[in-house]
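Okay, so here's the structure we're looking at.
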Amino acid sequence: MSDMERSKYSAAPALVGYVYQCRLALLMALRRVKTDPCLNLSIETLDDVVFEKEGIPVEIIQTKHHMSRKANLTDGSADLWKTIRIWCDLYRGGLTQARPVLCMMTTANAPEGSAAYYLRAENRNVVMAERLLLQTAQTSVSQTNKDAYAVFLELSPESRQELLGSVIILDQGPLIEDIDRLSREALWSACHRSKIEQFLVYLEGWWFKRILKHLLSDKPIPILGEELDSQLNELREQFKSDALPIYEDLKTATVDSQLYQDYIFVHQLKLIDIGSKRMASAINNYYRAFEQRSRWVREELLLVGDLEYYEQRLIEEWEIHFETMRENLGEDAVDSEKIKAGRIIYDWVEKEADIPIRPRCNEPFITRGSYHMLADKREVGWHVEFRSRLVELLEGRGALK
């Protein structure tokens, strides 16, 4: 239905907020790691995003994303008071003795003359901000902000001003659709500019996987600045002209082997009696190589003819081993000898064949999986009689995948 509208129960804004939080954390980390790779980051611990050094929080950030810039950060704003309540709890817990920066990064606007306006980096006036917030807490009848008003009023005037002295309001922040552009700018020197967009895709793939691991941990260990720096260095190497990047998710991706039982490359392996575990490994390698190569093509990271040239190299190397096997078997070899000989060639593919598509793209599943893709097209095989055996199979079972 092309005219469908979002349900009033839609979680889209909340989901966008979580994605925004994660992508903004990466952008902030990219900007900070350039000068301080020892700065570490946590998500959803003391607040949305926390930067720390040597175990001590130095920047505690609350992120607020709105689908447009229409929202205003008035003195009675629910966003503002929810954040103030969190800050008050941190202050009463003694955390602010370490003097971390308490930052609210929001896409909303802080109207001139508002408390949030006076807590920005420019035109700063903590005394005025405290006076306006105190007045709101004492006079507002908002039930939404009731608990936040109470904890703020419980602080002494000196404590309120000390707390607000650590606060920075960053209003009119980037919308989620702006994060791409800003992240690309932060990465402008990472690789050739024509590849920056793809570089960011690969980096975010690693980043979201790392955040998920961080969130699922019972005792979250910070994401180290050195980790991000190391990943940036690794991707820089992969995006050089003699290399290709590998998607993080594909390195360990697995698929249901049953879905591939009618593929020709699987029948090729059955001809030499490959066991179930090696069969599952072969299917995973086929999927990983097929998917990674497809992504390279879509992302225009491969030049015209690169795959054809690569596959021709694979076929030529295979042919040397295959013809040697044929000669050594002779005309009178029994089937058990043919199976054993075919396994030797396949052992070479699994353990020794080192034929990278680019000199510094050495992920083993690319070579192994590419051989299975060629086997699926019947351009290579393991059993000495694979072509005739497959013809018999095709005739007996109908068309295969």
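The values are calculated or read from the model by the stated rules, or taken from the named source; none is laboratory data. All values reported here derive from a predicted model rather than from experimental measurement. Every residue, glycine as well, gets a Cβ built from its backbone with ideal geometry; the counts of neighbours run over all protein chains shown.
Among the residues of the range 200-222, the ones that are under 12 Å from Ser42 (Cα atoms) and either in a helix (DSSP H, G or I) or modelled with pLDDT of 95 or more (or both) come to 6 in all. The condition of being among the β-branched types (Val, Ile, Thr) and touching a Lys or Arg at 6+ places or on another chain (Cβ under 7 Å) holds for only one of Ile355, Ile345, Ile315, Ile283, that being Ile355. The range 323-399 holds helices (runs of 4 or more DSSP H) entirely within its bounds, and those carrying 2 or more residues that are within 26 Å of Lys240 (Cα to Cα) and assigned by TED's automatic domain parsing to the domain that holds His267 map to 364-376.
Scan the range 51-103 for residues that are in a loop (DSSP other than H, G, I, E, B) and of a type in the set (D, E, K, R) and the total you get is 5.
Suppose the filter is of a type in the set (Val, Ile, Thr), crowded, with 17+ Cβ neighbours inside 10 Å and in contact with a Gly (Cβ under 9 Å, 6 or more places away or on another chain); does Ile366 pass it? Spelling it out, it is not the case that Ile366 is of a type in the set (Val, Ile, Thr), crowded, with 17+ Cβ neighbours inside 10 Å and in contact with a Gly (Cβ under 9 Å, 6 or more places away or on another chain). Here is the figure for the range 327-360: residues that are surrounded by 15 or more Cβ atoms within 10 Å (Cβ to Cβ) and over 23 Å from Ala282 (Cα atoms) total 2.
Annotation note: Cβ proximity below 7 Å between a residue of the range 212-224 that is closer than 13 Å to Val50 by Cβ and a residue that is charged (D, E, K, R) (sequence gap 6+ or interchain) occurs for Pro222/Glu52; Ile223/Arg210. Close contacts from the range 372-385, counting a first residue that is closer than 16 Å to Ile344 by Cβ and a second that is assigned to a helix (DSSP H, G or I) and among the polar types (S, T, N, Q), with Cβ to Cβ under 7 Å and a gap of 6+ residues or different chains, come to Ala375/Gln268; Gly381/Gln268; Trp382/Gln268. Ile168 falls short of the stated requirement of being modelled with pLDDT under 95 and among the β-branched types (Val, Ile, Thr).
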